[in-house]
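The values are calculated or read from the model by the stated rules, or taken from the named source; none is laboratory data. If you're wondering where the values come from, they're calculated on a predicted model, not measured in any experiment. Here Cβ is always computed from backbone atoms with ideal geometry, including for glycine, and neighbour counts include all displayed protein chains. Calculation scope for accessible area: heavy atoms of the full protein, side chains included, ligands and nucleic acids excluded. Shrake-Rupley method; radii C 1.70, N 1.55, O 1.52, S 1.80 Å.
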Amino acid sequence: MWLLPQLAVLTGLAVWGAAVYPGLPERVPQHIGPGGIDGWADKSVGAVFVPVLVHAGTVAVTAAVSAAALRMRPADELAPGERASSLVNRPATRASALRTARATLQLGFCIGLSVAVTCAVMWRTEPDPRVPAWLLAAVLAPVALGLVPVLAAAVRDRRESRK
């Protein structure tokens, strides 16, 4: 259920991209720098759908990380004296693993929102190298918001592991 928002954003991006593709100019933005759009590519399915593919990768990674957190045996379930790898940041409890998984999936959703903001500029029907002044803030704000539950889960897990 926690993966559904990411899948909804991914589906929305794919549908939106397919809808605007025919009307896009022959050269489409590929890179947005501090001075505006500074990289262009010939219009192709690959060039236009890079943001969608990036989000698809984000969905896959956040789903895998969440699944791994839920499958990992928490520290409180290890037998006394059982060694655990120091390379694994094991959740303190099952509840902590669930919080971490949910927070990771929420972060993936927020990254998808940032990708959508970028698409709003990249998928314009007129080849204009200027970008709105608010673009950087609009791209970073969802990611910053998505990091809040991740950090909160990490801090709470750290506190639980010290008990």
Residues with amide H under 5 Å from that of Lys43, placed H, sequence gap 5 or more:
Arg27, Val28
What's the FRET efficiency of Leu145 with Val45 using the Cβ-Cβ distance as r and R₀ = 45 Å, to the nearest 0.05?
0.90
With a probe of 1.4 Å, find how much accessible area region 1-147 has per residue, and write the answer as a whole number in Å².
56
Looking only at Trp40, Trp134, Trp123, which one moves most when the chain is put into a Gaussian network model with springs between Cα atoms under 10 Å?
Trp134
Shape descriptors of region 8-153 over alpha-carbon atoms, Rg and Dmax in angstrom, are 19.6, 65
Give me the accessible area of Arg73, 1.4 Å probe, in Å² rounded to the nearest 10.
100
With 0.36 nm assigned to each residue of separation and the Cα-Cα distance removed, Thr11 to Val65 gains 17.3 nm
What is the extension gain from Arg73 to Val155, computed as 0.36 nm multiplied by their sequence separation minus the C-alpha to C-alpha distance, in nm to one decimal?
27.6 nm
So what is the orientation-averaged projected area of region 75-163, using the convex hull of its C-alpha atoms, in nm²?
7.7
